[in-house]
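What follows is one structure encoded as structure tokens, with my remarks underneath.
What follows is calculated from the coordinates using simple rules that are stated; it is not laboratory data. Only a predicted model underlies this, so the values are computations on that prediction, with no experimental measurement involved. Ideal geometry is used to build each Cβ from the backbone, glycine not excepted, and the neighbour counts take in all protein chains shown.
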Amino acid sequence: MSTAAGVPLRAVGDFFGFVAQTARALVRPPFQAREFVDQAWFIARVSLVPTLLMAVPFTVLVTFTLNILLHEIGAADLSGAGAAFGAVTQVGPIVTVLIVSGAGATAICADMGARTIREEIDAMRVLGISPIQRLVVPRVLASTLVALMLNGLVCTIGILGSYVFSVYLQDVNPGAFIDGLTLLTGFSELMISELKAAMFGMIAGLVACFLGLNVSGGPKSVGAAVNQTVVFAFMALFVVNVVITALGIKITAV
Amino acid sequence: MAASRETEAAVFAARFPKTARRGKRVSGAIDTIGDHAIFYFKALVYGPRAVMHARRETVRLIAEVGMGTGALAIIGGTVVIMGFLTMFAGGTIAVQGFSSLGNIGIEALTGFFSAFINVRIAGPVIAGVGLAATIGAGCTAELGAMRVSEEIDALETMAVPSLPYLVSTRVIAGMIVILPLYSLAIMASFFGGRFVTVHIYGQSPGLYDHYFTTFLRPVDLIWSFGQVLVMAIVVMLIHSYYGYYASGGPVGVGVAVGKATRASLVAVVTVTLIISLAVYGSSPSLDLTG
């Protein structure tokens, strides 16, 4: 096979092999609970502020645009429905993704890449310790859990932000706003949104660990690996988003 | 005089360590803002100088920024990645729009929904995100690696002013590359929306195209290009700053890339919001009667 096509294909195969190894290590006992808690706390800490800073303008932007639309068709009172729908089905998961892969996964990748360069990973292997069980599993789980929780936070902030914006700046009736919230968005939409966020967190964690473990070379390669983490995580997440959105709509429609 | 004030400060710090530490942290945060501002100002002011004196470097960077480096170039570079992201975003909007408009029996308007949301929100935001992830992060990684392997110091030693040569050229390259890149990206998002609606949900293409072209306003498109252009400048500035001042070896470079990505994600959304509010705020300028 020509190298131009072979290199990326081999990387994809390696990645799936890595995912399989991680899945196996996940069910094998000693579980690194301490590392898991540390990592979850770390990812939550680096993600929290950017999440707040990004969620507020993003939801205001979406509400603003949707309200223009609703106002035009004479349905400004439905803006609550639009806000809840936008925040829970799309904005929540997407902001969560961007932050978890932009903040959490990059930090994981930088950390793992630095360990690889300093040959700590090789040292672990020599000592007979599986880096996947010791390092990767807790990180992937932590990133999944944090994404799940951040999604709830983003949805809450999103609805609050759109309430303030719609009611105080765009003169929507507050009662109508609250009344509309549950019109299109129910329990099943929330669950799909949480499922999306969890999947996104898991993928971002897996991609970050995989690329971090495969770094070779100097400082530039760690930077490049982090760069690739962001790009690949985003690409994977957008594809998964379309698929889960379509599936979710089918499931809730039944 | 100055000495006595220093001792006073030392005494104060010894007596009220917590307050002194807090004060130091606040003043440090203010210093950081100033550092950013000075860096951005210089990088912009040196722009013309960079174009005149480092023309070849600028052209090289334009090529590199457009195609990407390393493993990213193998899968087709920035062009393909941005197109990919916006295409799937357009697809998601069509899926979501088709089902929610279908709930109230007007799924015929999916074309309108796609033209409206893609141009006003999804296109600029996703393009900005793609920009930060590909070009921006690459820029931080490159500059950071130069910093920690002391190449930037070497440049200064050879009396090449590093800021215009490294940073201003990158900002200009980003500005130039973004226009064709965004043209492709927004086309991809339109294509994604149309493909899902027509070929997957089976709406008639004529119906989709009718509502799509009726409500696609050229002025909105021009503003959306403006948004992306501003974003390109902001993203390149933020990412160059974190790369230019990276420290702490290989880990430091990775950490800098992460920090820069986080900062520019926030900046991208904020820029979109501010420009949207400024442009569409007073007059929504949407005429549904067509």
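Kindly identify the protein assembly as shown as rounded, prolate or oblate by the Cα gyration tensor criterion: order the square roots of the eigenvalues as a ≥ b ≥ c, call it rounded if a/c is under 1.5, otherwise compare a/b with b/c, prolate if a/b is larger, else oblate.
rounded
Cut-off 10 angstrom, C-alpha nodes, Gaussian network model of chain B. Which of B:GLY77, B:GLY90, B:GLY174 fluctuates the most?
In this elastic network of chain B, the residue with the biggest mean-square fluctuation among B:GLY77, B:GLY90, B:GLY174 is B:GLY77.
Could you work out the local net charge near B:SER168, counting Lys and Arg as +1, Asp and Glu as -1, over the other residues with Cβ closer than 9 Å to its Cβ?
+3
Would you calculate, for chain A, the mean residue ellipticity at 222 nm contributed by helices, counting each DSSP H stretch of 4 or more residues as -39,500 (n - 2.57) and dividing by all residues, to the nearest 500?
Result for chain A: -27000 deg cm²/dmol, rounded to the nearest 500.
Output the relative contact order of the stretch A:32-249, whole-number percent, from Cα pairs under 8 angstrom with separation of 6+ residues.
34
Could you estimate the translational diffusion coefficient of the stretch B:14-281 from the Stokes-Einstein equation, with Rh from the Kirkwood formula over C-alpha pairs, at 25 °C and 0.890 mPa s, in whole µm²/s?
Stokes-Einstein gives a translational diffusion coefficient of 122 µm²/s.
How shielded is B:127-140 by partner chains, expressed as the average number of their Cβ atoms within 10 Å of its Cβ atoms?
Per residue, the average neighbour count from other chains is 4.
Per the helix-only calculation at 222 nm, which mean residue ellipticity applies to chain B, given -39500 (n - 2.57) for every DSSP H run of n ≥ 4 and division by its residues, nearest 500 deg cm²/dmol?
The helix contribution divided over chain B gives -26000 deg cm²/dmol.
How high is the relative contact order of the stretch B:105-243, given as a whole-number percent (alpha carbon pairs under 8 Å, six or more residues apart)?
Worked out over the stretch B:105-243, it gives 57 percent.
For the stretch A:34-73 and the stretch A:122-136, what is the separation of their C-alpha centers, rounded to whole Å?
What the calculation gives is 35 Å, centre to centre.
Would you look at the GNM of chain B, springs on alpha carbons closer than 10 Å, and say which of B:VAL95, B:VAL167, B:VAL26 moves the most?
Between B:VAL95, B:VAL167, B:VAL26, it is B:VAL26 that shows the largest mean-square fluctuation.
Please compute the average number of Cβ atoms from other chains found within 10 Å of each residue's Cβ in peptide B:266-277.
5
With the contact rule set at Cα under 8 Å and sequence spacing of 6 or more, what percent relative contact order holds for the stretch B:14-281?
Dividing the mean separation by the residue count of the stretch B:14-281 yields 30 percent.
For the stretch B:137-290, what are the per-bin percents of Cα-Cα distances with bins 5 Å wide, up to the bin holding the maximum?
2, 8, 13, 14, 14, 12, 10, 9, 7, 5, 3, 2, 1, 0
Quick one: grab the alpha carbon gyration tensor of the stretch B:26-69, order the square roots of its eigenvalues as a ≥ b ≥ c, and give me rounded if a/c is under 1.5, else prolate or oblate depending on whether a/b is larger than b/c.
It is oblate, given that a/c is not under 1.5 and a/b is not larger than b/c.
Tell me, rounded to the nearest percent, the portion of alpha carbon pairs in the stretch B:85-158 spaced more than 20 Å apart.
Of all Cα-Cα pairs in the stretch B:85-158, 53 percent lie more than 20 Å apart.
Taking θ as phi - 60°, what are the ³J(HN,Hα) couplings along the stretch B:202-214 by the Karplus curve (6.51, -1.76, 1.60), each to the nearest whole Hz, with x for Gly and Pro?
x, 6, 6, x, x, 4, 4, 4, 4, 5, 5, 6, 5
Given the convex hull over the Cα atoms of the stretch A:32-249, what projected area results after averaging over all orientations, in nm²?
Projected area, direction-averaged: 12.9 nm².
To test your reading of the geometry: what angle, between 0 and 90 degrees and rounded to tens, separates the Cα axis of helix A:187-213 from the longest principal axis of chain A?
The angle comes out near 30 degrees.
With axes computed from alpha carbons, what is the tilt in degrees of helix B:77-103 against the longest principal axis of chain B, rounded to the nearest 10 within 0 to 90?
50
Take the alpha carbon gyration tensor of the stretch A:88-139, find the square roots of its eigenvalues, order them as a ≥ b ≥ c, and report rounded if a/c is under 1.5; if not, report prolate when a/b exceeds b/c, else oblate.
Oblate, since a/c reaches 1.5 and b/c is not below a/b.
With axes computed from alpha carbons, what is the tilt in degrees of helix A:33-72 against the longest principal axis of chain A, rounded to the nearest 10 within 0 to 90?
Roughly 30 degrees between the two axes.
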